[in-house]
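Have a look at the structure below, then the notes.
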């Protein structure tokens, strides 16, 4: 029998199902910037291009109601945590945004601890909401 590296077998039953969806606020912009020039629109367009061929869904939304944290996205996946991040750079943070989607897809309940998140994602957290089916007695996150 071949030896198996510790951690090589990952429990898949509690992983999110299906692809991770990244929703991008396309109206995110600072005061005085026209909607068609919004950094949120640029983030969405850059994400769509960069995500081609990946198992991730990129979708626009008119507003995520986080206007003071320009360039805001959410991550959702069936059976996984929902995350909301802001203060993202529409050009420099694309790789980290997509890397986080991969981490969510692979993690139990989509829970990615802060230290395991890509650098750009660590600083912009606005919310982390547990999936409807996750409700332990003590309210703790998955270990």
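The values are calculated or read from the model by the stated rules, or taken from the named source; none is laboratory data. This structure is a prediction, so every number in the text was calculated from the model and none was measured. All Cβ positions, glycine included, derive from the backbone under ideal geometry; neighbour counts span all protein chains shown.
Matching residues to (1) closer than 17 Å to residue 25 by Cα; (2) surrounded by 15 or more Cβ atoms within 10 Å (Cβ to Cβ):
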site: 54; (1), (2): no, no
site: 60; (1), (2): yes, yes
site: 89; (1), (2): yes, yes
site: 110; (1), (2): no, yes
site: 117; (1), (2): no, yes
site: 121; (1), (2): yes, yes
site: 127; (1), (2): yes, no
I'd like to check something: does region 90-108 contain any residue that is part of a loop (DSSP other than H, G, I, E, B) and more than 17 Å from residue 42 (Cβ to Cβ)? yes
Let me spell it out: the conditions are (1) touching a helix residue (DSSP H, G or I) at 6+ places or on another chain (Cβ under 9 Å); (2) outside any helix (DSSP H, G or I), and residue 120 meets all of them except one. Which number is the exception? (2)
Looking at the structure I just gave you, is residue 84 out of contact with any helix residue (DSSP H, G or I) (no Cβ under 8 Å at 6 or more places or on another chain), outside any loop (DSSP other than H, G, I, E, B) and modelled with pLDDT of 95 or more? yes
Residues within region 23-50 that are in contact with a strand residue (DSSP E or B) (Cβ under 7 Å, 6 or more places away or on another chain) and crowded, with 19+ Cβ neighbours inside 10 Å, tallied: 8
Check residue 20 against each of (1) outside any loop (DSSP other than H, G, I, E, B); (2) surrounded by 12 or more Cβ atoms within 10 Å (Cβ to Cβ); (3) out of contact with any strand residue (DSSP E or B) (no Cβ under 9 Å at 6 or more places or on another chain) and name the one condition it does not meet. (3)
Those residues of region 60-75 which are under 22 Å from residue 109 (Cβ atoms) and in contact with a helix residue (DSSP H, G or I) (Cβ under 9 Å, 6 or more places away or on another chain) amount to 73, 75
Positions within region 23-45 being outside any strand (DSSP E or B), under 15 Å from residue 85 (Cβ atoms) and in contact with a helix residue (DSSP H, G or I) (Cβ under 6 Å, 6 or more places away or on another chain), in sequence order: 28
Pairs returned, first residue in region 46-70 that is assigned to a helix (DSSP H, G or I), second residue that is surrounded by fewer than 13 Cβ atoms within 10 Å (Cβ to Cβ), beta-carbon separation under 9 angstrom, 6 or more apart or interchain, are 46/91; 50/95
Working carefully through the options 69, 117, find the one that is at pLDDT below 95 and in contact with a strand residue (DSSP E or B) (Cβ under 9 Å, 6 or more places away or on another chain). 69
